[in-house]
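Inspection log for the structure reproduced underneath, given as structure tokens.
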Amino acid sequence: MASHLMEDRELLAKLVGLETTSALSNRGVVDVICDYLDRPGVRIHRLTAAGDKENLVVEVGPECQDGSGLTLSGHLDCVPAGEGWSHGPFDLLERDGRLFGRGACDMKGFDALAINAMARVADGTLEAPLALVLTCDEEIGGVGAAQLVEAWPRDRQLPRSTIIGEPTMMNVVRMHKGHLKFFVRIRGASGHSGNPTVGQNALVAGGAAVEVLARIGDDFKEIRTATSGCFEDVAHPVLAVVGMTSGQAWNITPDECEIRCGLRVLPDQDVSTVLDQIRSALSMSLDGLEWSLDVYNNNPPLCTSEETLVNQMVCEAVGQEHSLGVSYCSDGGHLAKLGLECVLWGPGSIEQAHQPDEYLSLEQFTLGRDALRDVINRHCLGNG
């Protein structure tokens, strides 16, 4: 049973030191967190996910009966380190007021603060429940959160007000776009490339399909909805062609072509309707060919009401009077299916995420710690 309470920076160093890219099992880091939070009053739930992964839910305080209290949420996985680092990416380095390391900003900094926040109140008497949700595989499309939603017992309620600690520079974000990944697959017929009268070139058809998709993406730039005003940088839906695969050899006419696309819809758009529009446009270009549009992954948008308690409380805490949306995704779209009302609110800048020499400033780390302490006091200790 754990007793020693680590400093926040010490805990962050421990988390960064455990490589948790999505290609690897995360059971090692889950073991470490569970051992650390094995304290009186702490209830730990390990939920098996696909690929030797686990999601983790931790609770302290009274049992949640009516949705009151607070849920803190983060993801444990990080993107691969890649090249270009000035030091070891899995060794936390403090330099010039910054904490460098893969995942330090996105989002093990928040994870460390949330885990320690749970540990600090484990022995106290909370008036309302406090929960911690830590997921796997967020970086590959919210896969872990989707599995958690399926596995979590429907008769066990979590505190409705939920803070997802994505790096927002402590700005409150109540909505984000969805990210749906899909394939366009085209089937032609192979033949000798020296005889154009034999076979049917799927790659050429794929080129025409890419032109159609590019035109749709350009048309999307003119679309505005009621939520567009909350997205300061990109106020419209986005369709991006991100990959294309075809052809086997110089002397064989390509009989298959696969195009990979990403679709980011605004929170108040119906993604099914948008996909139908894309299919309709492609059908004219690919008339007479065998083809399909297949969804690979759908990370849904988040659109939390401005009137929710959690949004009002954290906006008041930082003096924010306007609503913000972001174009990247979180686990929030999936967690909302459990009845959770989610806002993104965490230390660090998303501009530092997924980069060599990723860092979290000490100033933001401290702001995050103090903000979590205050919001737990208000939501779970009745000190607001």
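The values are calculated or read from the model by the stated rules, or taken from the named source; none is laboratory data. Since the model is a prediction, treat every value here as computed from it, not as a measurement. Positions of Cβ are backbone-derived with ideal geometry, glycine not excepted, and every protein chain shown enters the neighbour counts. Ligands, DNA and RNA are stripped out before the accessible areas are found, and what is left, the full protein with its side chains, is counted by its heavy atoms. Shrake-Rupley method; radii C 1.70, N 1.55, O 1.52, S 1.80 Å.
Given (1) assigned to a loop (DSSP other than H, G, I, E, B); (2) over 15 Å from Val238 (Cα atoms); (3) acidic (Asp, Glu), identify the lone condition not met by Asp276.
Exception for Asp276: condition (1).
Whether any residue in region 236-259 is in contact with an Asp or Glu (Cβ under 6 Å, 6 or more places away or on another chain) and at pLDDT 95 or above is what I want to check.
So far as region 236-259 goes, yes, one or more of its residues are in contact with an Asp or Glu (Cβ under 6 Å, 6 or more places away or on another chain) and at pLDDT 95 or above.
Mind checking which residues of region 50-96 are open to solvent by 10 Å² or more (accessible area, probe 1.4 Å) and hydroxyl-bearing (Ser, Thr, Tyr)?
Residues satisfying the conditions are Ser68, Ser86.
Which condition number does Ser246 fail, the rest of (1) within 23 Å of the chain's Cα centre (by Cα); (2) open to solvent by less than 70 Å² (accessible area, probe 1.4 Å) being met?
Unmet condition: (1).
Can you name the condition, by its number, that Asp370 falls short on among (1) open to solvent by 30 Å² or more (accessible area, probe 1.4 Å); (2) over 23 Å from Val16 (Cα atoms); (3) free of Cβ contacts under 8 Å to residues at least 60 places away in the same chain?
(2)
Condition check: within 28 Å of the chain's Cα centre (by Cα) and buried (at least 17 other Cβ atoms within 10 Å of the Cβ). Does Val173 satisfy that?
Against the criterion (within 28 Å of the chain's Cα centre (by Cα) and buried (at least 17 other Cβ atoms within 10 Å of the Cβ)), Val173 qualifies.
If I go through region 9-62 residue by residue, how many of them are in a loop (DSSP other than H, G, I, E, B) and among the charged types (D, E, K, R)?
Result for region 9-62: 4.
Based on what the data block shows, is Gly141 at positive phi and not in a strand (DSSP E or B)?
When the stated conditions are applied, Gly141 passes them.
So which pairs qualify, if the first residue must be in region 125-136 and in a loop (DSSP other than H, G, I, E, B) and open to solvent by 10 Å² or more (accessible area, probe 1.4 Å), the second must be of a type in the set (Ser, Thr, Tyr) and modelled with pLDDT of 95 or more, the Cβ gap must be under 6 Å, and the two must be at least 6 apart or on different chains?
none
Going through region 144-187 one residue at a time, which ones are in a loop (DSSP other than H, G, I, E, B) and among the hydrophobic types (A, V, I, L, M, F, W, C)?
Trp152, Leu158, Met169, Met170, Val172
Given the options Asp123, Asp155, Asp137, name the one that is closer than 30 Å to Arg260 by Cα and of a type in the set (Asp, Glu).
After applying the criteria, what remains is Asp137.
How do the pairs read when you match residues in region 310-322 that are closer than 10 Å to Ser161 by Cβ with residues anywhere that are among the hydroxyl-bearing types (Ser, Thr, Tyr) and open to solvent by less than 30 Å² (accessible area, probe 1.4 Å), using Cβ under 8 Å and keeping only pairs 6 or more apart or on different chains?
Val310/Ser161; Val310/Thr162; Val310/Thr304; Asn311/Thr304; Met313/Ser161
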